[in-house]
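Values quoted throughout were computed directly from the atomic coordinates according to the rules given, and no laboratory measurement underlies them. Just so we're clear, the structure is a prediction, and the values are computed from it rather than from any experiment. Heads up, the Cβs are rebuilt from the backbone with ideal geometry, glycines too, and the neighbour counts pull from every protein chain shown.
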Amino acid sequence: MQFPHSPHFAHMSVIPNRAYKKGHRHGPGFAIVIPAGEGFSVMWKEGQEKIFVPWHEGSIFIPPSRWFHQHFNTGPIPARYLAMHPPVQFAYDEKVDDRANNQIEYVDEDPAIRKHFEAELAKFNLTSVMPDECYTNPEYDWGLGPGGE
């Protein structure tokens, strides 16, 4: 979403229930607002301990600059998060635009992440809908069609 005549913009993402997004990192100033759903995010500075942040409708948090983070839906409905971006002049960093160094593919993630997610779901007698193949096949086809839609 681009705001007219403004340096501010945002994007919204939907996380299916019992699923989660890939880990990623970026520069400073991104505010994450949860308009729907419940779950948690995990955040960590590279090489350091992971911090688990529970969230629900109405929550807001700001991942620290250059910390990896990942969003997990443990609720019964699709969750949404709205990422409010900082103005480009404050957020741009050449390192941020390098996907290879700033996104963690499922095949490369710490197995403890998946185990924690599955343990959180088990508290509600739920199981993950993440396909096993996404953890072993870097070319896994999510069936999203052209452009990821």
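Observations on the structure shown:
- Result for the chain in a Gaussian network model with C-alpha springs under 10 Å: among Ala119, Ala79, Ala31, the largest mean-square fluctuation is at Ala119.
- Here is the tail figure for the chain: Cα pairs spaced more than 25 Å apart come to 30 percent of all pairs.
- Fewest-first ranking of Phe52, Phe68, using other Cβ atoms within 10 Å as the exposure measure: Phe52, Phe68
- Rounded to the nearest 10 degrees, the angle from helix 111-122 to the longest Cα principal axis of the chain is 70 degrees.
- Of the two radii for the range 4-68, the radius of gyration is 0.98 times the Kirkwood radius, both from the alpha carbons; that is the Rg over Rh value.
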